[in-house]
Every structure is written in C-alpha cells, then in structure tokens.
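What follows is calculated from the coordinates using simple rules that are stated; it is not laboratory data. All values derive from a computational prediction rather than experimental measurement. Backbone-built Cβ (ideal geometry, glycine too); neighbour counts: all protein chains shown.
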Amino acid sequence: MPIFMDVAKETTNAVNKELDSPSTPKEVDVFPWATAAALDLIGEAGLGYSFNSFAGERNEYSAAIKQVTQSLIKIGPLIQLIPYIHRIGTPAFRKWVLDLIPFKAVQKLRRAIKLQNEQAEEIIRSRQTLLSSGGDLSSETGRGKDIISLLMKANESEGSASYIDRQSMIGHMNVFIFAGHETTSTSISRILDILAQRPGVQIRLREELRQYFEEHPNETHHDALLELPYLDGIVREVLRLFPPVPNILRICEEDTIVPLEYPIETSSGKMTSVPIKKGTWISLSNVYFNRNEGIWGERANDFWPERWIGSKIDEVTQAGSRLPGIYSSMMTFGSGSYACIGFKFAVMEIKVMLAELVTKFEFEPANEECVWTNIGVGFPYAPYAKKDMANPDKSPKLFLKVTRL
C-alpha cells in the first residue's frame with residue numbers, strides 16, 4: 001500500500017503543477033496523468049521497476065506500449081489471424097515471414113514488441129543479479145515484494161516442479177503491464193468524469209475520505225481505506241455500468257449447445273438454447289450482462305452506488321439470478337479460468353488514486369465535450385474530444401475543470 005500512496009501523491013503533484021492558482025479552476029487533460037499513474041503502479045508494485053512516468057523523461061518501454069496499441073488499432077481484423085500464424089513453423093521462420101510483410105503497422109508492432117522484450121530482459125537480469133548477490137531488496141523499488149522478485153525467489157526455493165523459464169517470465173511481464181495499465185487508467189478517468197457530472201456524489205465521497213484521513217493521520221498501510229462504504233459503492237457501480245472493456249472475445253473449442261436462462265421468442269417458436277460450432281468466434285457483451293434488468297432489477301441502468309452499501313451480493317441482484325463474474329457477480333473482470341488475475345490489484349489502485357485526487361481537487365465538466373468509445377471488439381474504452389472524432393490519428397483526452405482545494 002505505501003507504493004500505491006506514493007504514486008497517488010506523485011499524481012496530485014503533477015496535476016498541481018498544471019494549475020495556475022488555488023481558487024481558479026483550469027481545464028486539465030487528466031487522462032495522461034491517470035495513465036502515468038497506472039503504469040508506475042504496475043511497474044513499482046508489480047515489477048519492482050519505476051518507469052519514472054512523472055519525471056518528464058522519455059521511457060522507451062512506455063513508448064513501446066503506446067506503439068503496440070496504435071499498431072493493433074491499424075492492423076484491425078488481421079489480429080484474428082494471430083492464433084493461426086503462431087502455429088506455423090518455427091519462431092525463426094515466423095520472424096522471417098513478419099520481416100517480409102510490407103505493412104508499416106505490422107513492422108512498428110514487431111519493433112515495439114522487440115523493444116518491450118529487451119527491456120523486460122534487462123529488468124529481470126538486474127533483479128536476478130541483486131538476488132544472486134544476496135542484496136537487500138527492502139530499499140529497492142517494490143521493496144522485494146513485487147511479482148518478479150517473488151517469482152524469482154519461488155524458482156530458487158521450489159525446484160523444477162514450479163520453475164518458470166525466463167521467456168515465460170518476460171511474457172508474464174508484458175501481459176501484466178499491457179493488460180493492466182490501460183484498463184486501470186480508463187477506469188480512474190471514467191470515475192473522475194462521473195464525479196465531475198455529479199457534484200453531490202463527489203462532495204459526499206470527499207467528506208467520507210476526509211473523515212477517514214482525519215481519523216487515521218499516521219496510518220501507512222491504509223487497509224481500512226479500501227473498505228470505506230461509499231468509495232467502494234462508487235467504484236463497484238462505475239465498473240458495473242462502464243466496464244473498461246465492453247466486450248470479451250472467445251473462441252469455441254468444441255461443438256456445444258448453450259442453454260439460455262432467458263428464452264428468446266422467434267417467429268418459429270421459443271428458443272431455449274443456441275448451438276455453437278467449434279471454431280466460432282463469440283463476443284460477450286459485458287455492458288449487457290452488467291445492465292440486464294433480469295439480474296440487476298428495474299434500476300439496472302441507473303448510477304446508484306447505494307445499492308452496494310450494507311448489502312450482500314444476493315441482495316443486490318434479483319432472486320435466483322446472478323452472473324458468474326469473479327467481482328461482485330458482474331462480468332467486468334470476466335469469469336472462469338480466463339478471468340482477470342489482477343482484479344484485486346486494479347480495484348486497490350483505483351481506490352487509492354481516487355482517495356488522493358478527490359481530497360486534493362474538485363472536478364467539474366469541461367467546456368470541451370468528451371466522447372467515450374472503443375476502437376474495436378476486445379479493446380478498452382477511452383475518452384476522446386468530440387472535435388477529434390473524425391481524426392484517424394486521434395489520441396485519448398479527458399479535459400475536466402480542476403480546482404485545487
């Protein structure tokens with residue numbers, strides 16, 4: 001938790017520098033700061049590595065992540081071919097084929113992934129050197145409790161049965177960063193946008209947070225912060241109504257028949273199940289699942305944080321109806337063996353960031369209208385200025401009026 005609080009404080013310092021005076025609101029693009037915070041949180045708490053996102057220095061790893069996203073957007077439908085291409089020939093042969101593809105987006109993607117792998121290799125190498133020499137990690141970034149350090153220690157102590165090879169570790173690093181920081185920054189930005197539109201909700205949350213910090217002035221771990229009822233209700237409700245990834249792609253591995261909890265009336269009668277052939281791509285709508293009135297009741301589409309306060313999940317959802325999601329019965333983080341493994345980490349990030357930002361600043365809607373959209377199935381939502389929507393090279397922006405408190 002101390003790492004989370006430190007990064008949150010860096011974020012408030014960065015926003016503070018953009019403000020001209022204590023009492024005058026100024027329009028600030030908060031999305032880059034939310035992204036910087038999410039990246040540093042994943043780096044420091046997850047990898048024991050600081051990306052120095054607030055230092056004003058160019059970080060090659062961070063730049064590569066952005067290049068991967070931009071390239072994937074331009075590649076578009078070709079992404080669906082990746083699972084099949086991956087099965088062709090040897091790694092050397094696949095690399096040779098990729099080198100021949102005259103598509104700029106593919107080449108930029110290849111170079112960005114290569115750079116990510118090289119930097120990941122360097123992070124692992126330096127961590128391994130420190131561990132092998134018996135160095136004290138308590139003073140290092142991550143304090144020796146980051147995921148990479150723990151994986152390396154497990155490799156040394158558990159033996160070959162649980163051994164994770166270096167290439168797999170690099171893969172885990174890149175997936176953890178790529179999958180985690182964009183969705184988290186989107187969630188933080190979305191909640192700030194919601195709070196800006198609902199000043200009463202923002203004021204109530206600020207009062208709850210200030211009371212907590214007044215009662216815990218010397219706290220370092222802030223475990224109780226994560227249990228604050230209104231903060232928790234707001235986070236759950238925004239993640240339910242506005243899941244950062246609106247839909248999930250899956251592929252059917254064998255012929256199957258899916259029973260329908262809610263039968264569909266068709267011209268030929270009632271449909272109670274859907275046959276699906278092996279190899280069929282399926283898009284699961286998290287937004288629909290999370291707003292289904294049969295599950296969430298008549299107020300399924302309402303922003304109502306109070307639904308979560310003092311209620312068990314069976315009391316929040318309709319009797320006999322709930323989703324198999326790993327987080328509060330919603331599908332925001334998925335379900336089953338392919339669910340998001342870092343959902344608790346993400347929720348903790350979001351709550352700590354909100355606690356710091358909402359107590360330091362007041363947020364109001366900006367004059368520039370914002371449009372939330374995603375660029376394809378499986379991609380996260382992002383905010384864009386309405387005037388930029390026709391620009392194919394547009395980048396996410398979320399301007400809010402910010403006043404220092």
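Annotation: extensible slack from Ile85 through Thr266 equals 61.2 nm (criterion: 0.36 nm per residue apart, minus Cα-Cα distance). Neighbour counting of Cβ atoms within 10 Å sorts the residues His222, His216, fewest neighbours leading, into His216, His222.
Based on the Cα gyration tensor of the chain, what are the three equivalent ellipsoid semi-axes, each the root of five times an eigenvalue, rounded to whole Å and given largest first? Don't skip to the end; give the middle numbers.
Values: eigenvalues 209, 197, 108 Å².
One finds semi-axes of 32, 31, 23 Å for the chain.
Taking amide hydrogens as placed 1.01 Å from N in the peptide plane, the amide H of Tyr327 sits under 5 Å from those of Phe333, each at least 5 positions away in sequence or on another chain.
For the stretch 383-391, putting each phi into the Karplus relation 6.51 cos²θ - 1.76 cosθ + 1.60 with θ = phi - 60° gives couplings of x, 9, 5, 4, 5, 9, 4, 7, 7 Hz, in residue order, rounded to whole numbers and with x for Gly and Pro. Quick check: Cα centre of the stretch 305-341 to Cα centre of the stretch 3-17, how many Å? Their Cα centres are 31 Å away from one another. Take the residue pairs Lys351/Lys401; Lys74/Lys387; Lys17/Lys360; Lys360/Lys401; Lys9/Lys153; Lys312/Lys351 and return only those whose Cα atoms are more than 24 Å apart. Result: Lys9/Lys153 exceed 24 Å.
Taking θ as phi - 60° and the Karplus parameters 6.51, -1.76 and 1.60, the scalar couplings of the stretch 184-193 work out to 5, 5, 5, 5, 4, 5, 4, 5, 4, 5 Hz in sequence order, x denoting glycine and proline.
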